[in-house]
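To start, the structure itself, in structure tokens.
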Amino acid sequence: MDAVMETTVKENLSYYLYYPDDYLEEPEKEYPILLFLHGGGESGDSLVTIKRNGPPKLIVQGKKFPFLILAPQNPYQKKWWNTRAVKQLLDSIVSNNRVDKRKIYLTGLSRGGGAAWELAVQYPDTFAAMAVVCGMTPVPYASWINKDMPIWVFHGEDDKSVPVSESVVMVNRLKEMGYDVQFTKYPGVGHNSWVKAYNTEELYEWFVKQRKGSD
């Protein structure tokens, strides 16, 4: 007997959404958006923990960004990100704000870095650029990633949680296939390579130069 069952999975995702200073002053302007996925330590039900690392931490410290930043929270301490739910949230935020759909950027650190790789594999037509910091990598599915999307990978060489070899193997595989990949390795740095990575001003300058469909 053949049968079909429809299943529905619901996920409650809290999120932090940052707007550039001039967003309200420029009612006709469309802005880029950066999707930031945090690491395992910021998972749970307290949204304030999202501001411990990455772009949200820099915003708290007073840094201004020229794009929206969407930072959802993984509600589970010991579960992977629900990337399908994240994508649905992103789509909703993009639809309800003045976002340039050619300039949707993706980044994540540690467990969020692994989720960023997963999103790039599952939704290759969504993102204009991606930066991953010390994330586990989907090497067998590297070819599913959009070849036109520039990628920047960061990793500490002394990482004991997610070995640098994860990124080395993935970057090598992508480069063999002709992908546009930059790789920044930090000698003597452990798992918290995100501190150096997200303090790299060139990263944000690089993001804003990327656009889907551009040469």
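The values are calculated or read from the model by the stated rules, or taken from the named source; none is laboratory data. Small disclaimer: the values here were computed from a predicted structure and weren't measured. Note: ideal-geometry Cβ built from the backbone for every residue, glycine included; neighbour counts use all protein chains shown. Side chains are part of the model used for accessible areas, which takes the heavy atoms of the whole protein and leaves out ligands, DNA and RNA. Shrake-Rupley method; radii C 1.70, N 1.55, O 1.52, S 1.80 Å.
Laid out as a table, the results:
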quantity	calculated
Every pair of residues 6+ apart whose Cβ atoms lie under 7 Å, when the first sits in region 15-41 and is within 30 Å of Gly114 (Cα to Cα) while the second is surrounded by fewer than 18 Cβ atoms within 10 Å (Cβ to Cβ) and acidic (Asp, Glu)	Glu30/Asp100; Tyr31/Asp100; Pro32/Asp100
Selected residue (only one of Gly62, Gly54, Gly40 is at pLDDT 90 or above and in contact with a helix residue (DSSP H, G or I) (Cβ under 7 Å, 6 or more places away or on another chain))	Gly54
Subset of region 86-108 [open to solvent by less than 20 Å² (accessible area, probe 1.4 Å), in contact with a helix residue (DSSP H, G or I) (Cβ under 8 Å, 6 or more places away or on another chain) and either under 20 Å from Pro20 (Cα atoms) or assigned to a strand (DSSP E or B) (or both)]	Val99, Ile104, Tyr105, Leu106, Thr107, Gly108
